Every structure is written in structure tokens, then in C-alpha cells.
Amino acid sequence: MRPTAFFLAPLSLLAGLAAPGSASAISSTFDTDADGWTVIDVATGSQGDAAYVDDGSVVEFDYRSSGGHPGGYIEAIDPSDGTFLFVAPAKFLGDLSGYAGGTLAWDTFYTPNDDNDWRGDPDVILSNGTTTIVYQAPANPVGTSWNSFVTTLAPGAGWTIGGVTGTAATADDFAAVLGGVTILRIRGEFYTGVVETTGLDNVVLTAVPEPGTWAMMAGGFALLGLRAARRR
């Protein structure tokens, strides 16, 4: 029983990740349903970058109760030669200023997955209705199993204005967009041709821990080290 007591005290300090004053993580793990997400198809061929914030056309999609990463997930089949996008529900919108410098993570796959992959669209679109910033991951998902992606909501992390060829997003751009998010969309279009099926799971928006939280984490690790030293 002594080893159990050894770990419980430091881990209780690490629980400060949810300390009062820090923004709680926002997530969709799709374990019970589609969690309010929808799918749209936009006409990038005729509208270009402007299409990413267009209303688009509604796309039917499926909720799967198993086969996710793990648990449930949602998936959609490419409906046209445009670009289809997963659309976040209201809990991912509004004033997200507290998430500046935090991370957005998600899991995805698409099939078929081969040399005909498509790189023309951003993986994430964030907009406040006036300013739009987008992020394109360094590479498309590989293979037909789940791939995990994460991006930092900060300048220098690969975000650009309007589209993938736009200028780099600045701190002011992030402040403006995160202060009143009206759109969060994640790419489903990865293949040249109207053939692919794309899945989405584990969308998680996480804030930077408060300084006090980091102090508690450091204290926890220090206590671990001290107790380990005393045991030797």
C-alpha cells in the first residue's frame, strides 16, 4: 500500500489543471451522439477562399457508435467536386479569448487514401464573421486508420488569413477572431475526386493553464522527486 500513497499526494496537485479561473476544455468525443455537429459542402471551385465561411449546402452524414478513436465518431461521404466541412456546434463558438495560446486537437481519417490526396484546402477554419484565419496541417492523414492532429492558437503556428496562401495571422488577428467566434469548421475533403469517406473524432479545445496551475504542477513533480530520493 505504500507505493499507492506515494503517488496519490503529487497527483492531487496535478489535478489543478482544472483550477478555478482557467478556461475549461471544450470537447466532442462523440461517445453517445453527434453532439450537435453538422456537415456542409461549399463551392470552392467558383468562390475560392470565400467559400470556407459560406453557408454551403447541408450534407447528410452518419453517427457511428463504435469504430472511433475510441468509441463513437461521425463520418461523411464526399458529395460533390466542392469541399465538404465538419461544422462545430455552439459550444465551440462565442468568446474564446481564454483559449488564445491554447490548442485545438482532433482525430480524422479518410478512405481511399493514396497518391490522389488533395492539399488545396485548410484543415481548420476560424472566423468572427469579419476576419477569417485558417490552418493547414503539414500533411494529410496517412493510411486509412485514425490520425491525430493538434495546432496552437497563436501566431507562428501556421495560421494564415483567409486561405492557405494568405499572410500569416498576427496576435491582433487571433484576438479579434477568438473574441467572437462565429465559425469553427474542420476539413473533410482530402481526395481528388468525389469518392472519399472521412471520419472525425475527439475534437478538443484546450486553454493554456493559469500560472498558478503550473506552480502546482511543478510542486507536484518536486514532491515526487523528494519522496523518490528519500526512498533510495
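The values are calculated or read from the model by the stated rules, or taken from the named source; none is laboratory data. Not measured: the values here are computed from a predicted model. Here the Cβ is made from the backbone with ideal geometry for all residues, glycine too, and neighbour counts use every protein chain on show. Calculation scope for accessible area: heavy atoms of the full protein, side chains included, ligands and nucleic acids excluded. Shrake-Rupley method; radii C 1.70, N 1.55, O 1.52, S 1.80 Å.
What dipole magnitude, in Debye to the nearest 20, does the stretch 111-200 give about its Cα centre under +1 on Lys/Arg Cβ and -1 on Asp/Glu Cβ?
Numbers: 3 positive and 9 negative charges, 45 e Å.
With Lys and Arg at +1 and Asp and Glu at -1, about 220 debye.
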Using packing as a proxy for protection, rank 156-165, 103-112 so that the peptide with the highest average count of other Cβ atoms within 10 Å comes first. 103-112, 156-165
What does the net charge come to around GLN136 if you take all other residues with beta carbon closer than 15 Å to its beta carbon, with K and R at +1 and D and E at -1? -2
State, to one decimal in nm, how far the label point of THR152 lies from the label point of THR167, with both points 7 Å from Cα in the Cβ direction. 2.3
Carbon/sulfur accessible area of the stretch 53-207, % of total, 1.4 Å probe, equals 53
Quick one: how many Å² of GLU75 are accessible to a 1.4 Å probe, rounded to 10? 30
Cβ-derived FRET efficiency at R0 30 Å, TYR63 paired with ASP114, nearest 0.05: 0.65
What is the packing order of peptides 128-138, 61-71, taking the mean over residues of other C-beta atoms within 10 Å and listing the highest first? 128-138, 61-71
